[in-house]
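Below you'll find the structure, written out as structure tokens, and then a few comments.
Please treat every number below as a calculation from the coordinates, not as lab data. It should be emphasised that the depicted structure is a prediction, and the values quoted were computed from it without experimental measurement. Because the Cβ atoms are built from the backbone with ideal geometry, glycine has one as well, and the counts that use them run over all protein chains shown.
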Amino acid sequence: MGCRIDYLSPHELGGHSRLLARWLREERALHWQMKSKVAQLKMSQRGLKLSVVENFNRKDVFLFCNNILAAHRTNAFGGKPALWDFLRDIATNLNRVRQGHKFSQNFKSFAQAMKIYGGRRMCDLFALDFAGPSYSSIKRENKKGVHFIAGEHFAIFASIANIYMEAKETHGITGLVPVILAEDETKVKTRIAWEAKTNRLVGFCGPKEGHCCVSLFKPVVGDGLAGYDSIVDAFRFNMKGSFARVIMVNPLHTLLPRLVLVVSCTCNCFDSGWVRKQWNCIDSLWEECCATTVGPIIGHASDGDSRRRQLMLQDYSSKVGTRYAIPWEGWGLTAEWLGENKVKGLHDQDFIHNGKKLINPLDSAVKNLQLGADVCFLDHLGQVYQKFTID
Ligand SMILES: [Zn+2]
């Protein structure tokens, strides 16, 4: 290239000019290609400034964060600790690998409720779509809770007291809330099971000889051949429970839940004396664990079962202590007055059962309906119908 134009002949000059002109065209084409490439790259790789401006303008993440902040500042999460913990746990866990996920106590309790009311499928859905704990960890967590065992136990009474104390605190309930204990039996499948933890058999309700149901009856299974013999003997000499007896706490406050206090196994052959003993045992355990934190037991509630009715009548006709009563001979509702707004023995029978007890004797020609000192027959009701017309 380094050649002076003066030294070239006109022919050489023409050839050289054509060559240079071709190079120029090629370079221009390359330049145009590069320019379009730069434009393409600019489009795909946005500058930092551009992306910041765009994100700021879009505002959805900021809006979300601002809404949460505003709700927090105005105390909109007040009284909703579970919701706050839920949002906080999700935000923390999203930035962790699955194995490192941690959940607050509120979140765990929510997952337990989901297991009880929704079952396994709801738990799986919750874990997959809402970053909740897996089903296996929900099950593991459940084992740490109170384990319900048959019979009257100090540990269960103490846990019941804790549940009510927390519920009272949550709802701002101060002072004592009186409770009524409701009870009934229901037929269940007769089944004997082995309790591995204690090496005992569960499902018997006491020895056959002179049988009386025992609520904590669990024959021990020994080792080896003796173990086999004790199993055979247990089936030979004991009664199998075919009813589940449940006693529930019914606090007289709409915001407090009803909870199961005692479950026991029975063959339904128990008598009123047995029920009285259980009531006394429950009374002393309640006095020890729950009376000062939850409230006093004012009475027992049940259906028209004759054994409980007998005890209720005993209490109503009792002359013990200072009593108050409705002064009408046909209505025996009384209770023991313990002072400081406390009463004892104010029992409650299910009104539907009582209604049936009024109606059924009138349907039968051989039964009489006793009202106080008088006996009522179907004719009396007929006269009532004739005398009073229905508007
Ligand atoms: Zn029994």
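Values computed for the structure shown
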read-out	value
GluC sites (Glu not before Pro) restricted to segment 320-389 and DSSP loop, no more than 11 other C-beta within 10 Å	329, 340
Nearest 10 degrees, 0 to 90: helix 272-289 Cα axis against the chain principal axis	50
Zero-based 10 Å bins, Cα pair distances in the chain, whole percents	4, 13, 16, 17, 14, 10, 6, 4, 4, 3, 3, 3, 2, 1, 1, 0
DSSP-loop chymotrypsin sites (Phe, Trp or Tyr not before Pro) across segment 119-175, with at most 14 other Cβ within 10 angstrom	130, 148
Helix axis angle, 10-44 relative to the chain longest principal axis, alpha carbon, degrees	10
18 Å tail of the calculated P(r), segment 335-391, as % of Cα pairs	57
Scattering curve values for segment 128-190, log₁₀ I(q)/I(0), Debye with Cα scatterers, q = 0.17, 0.19, 0.25 Å⁻¹	-0.95, -1.01, -1.11
Cβ-derived FRET efficiency at R0 56 Å, residue 216 paired with residue 374, nearest 0.05	0.75
Under the Karplus curve 6.51 cos²θ - 1.76 cosθ + 1.60, θ = phi - 60°, whole-Hz ³J(HN,Hα) for segment 175-187, x wherever Gly or Pro sits	x, 8, 10, x, 10, 10, 9, 9, 9, 6, 10, 9, 5
Helix-only CD estimate at 222 nm, as mean residue ellipticity for the chain, using -39500 (n - 2.57) per DSSP H run (n ≥ 4)	-16000 deg cm²/dmol
Phi-based couplings in Hz for segment 351-361 (Karplus 6.51, -1.76, 1.60; Gly and Pro marked x)	5, 5, 5, 5, x, 5, 5, 6, 7, 4, x
Peptides ranked, highest mean first, by Cβ atoms within 10 Å: ranges 212-218, 364-370	212-218, 364-370
Kirkwood Rh and Cα Rg combined as Rg/Rh, segment 249-391	1.04
Residue-by-residue Karplus 3J(HN,Hα) for segment 159-166, coefficients 6.51, -1.76, 1.60, Hz, glycine and proline x	5, 4, 4, 4, 4, 5, 5, 5
Only Lys, Arg (+1) and Asp, Glu (-1) charged, at Cβ; the chain dipole about Cα centre in debye	2500
Cα-based convex hull, segment 1-42, per residue volume (Å³, whole number)	61
For residue 323, distant residues with modelled amide H under 5 Å away	337
Distant-in-sequence amide H partners of residue 221 (H built 1.01 Å from N, under 5 Å)	200, 201
Cut-off under 5 Å, modelled amide H: who pairs with residue 132 long-range	127
Segment 294-353: chymotrypsin sites (Phe, Trp or Tyr not before Pro) in DSSP coil with no more than 13 other Cβ atoms inside 10 Å	328, 331
